[in-house]
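Notes to accompany the following structure.
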Amino acid sequence: MEGVATGMEAVTGAMEGVFELVGTVVTQITSQPILLFCLAAGLVPIGINLFQRLKRAAR
């Protein structure tokens, strides 16, 4: 069972690294207005699509 614990520790460590990287990227994007605008512009179509689907589901 020691191998399983070591494997789980490796997965947990990798996930911590990924979350740290994502946090760094989000911090960098939000600290620069141009990047923040590009992020927001990319999310607008997703929001519109989601709204349309919810509207159709309510019918």
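May I ask for the angle, rounded to the nearest 10°, between helix 2-31 and the longest principal axis of the chain, with both axes built from Cα atoms and the value confined to 0 to 90°?
So the inclination is approximately 40 degrees.
About its Cα centre, how strong a charge dipole does the chain have in debye, to the nearest 20, once Lys and Arg get +1 and Asp and Glu get -1 at the Cβ?
So the magnitude is around 820 debye.
If you wrap a convex hull around the Cα atoms of the chain, how much volume per residue is inside, in Å³?
Details: hull volume 6.5 nm³, N = 59.
Spelled out: Cα convex hull of the chain, divided by residues, is 109 Å³.
Laboratory data are not the source of any read-out in this text; all were calculated from the coordinates shown. Not measured: the values here are computed from a predicted model. Note: ideal-geometry Cβ built from the backbone for every residue, glycine included; neighbour counts use all protein chains shown.
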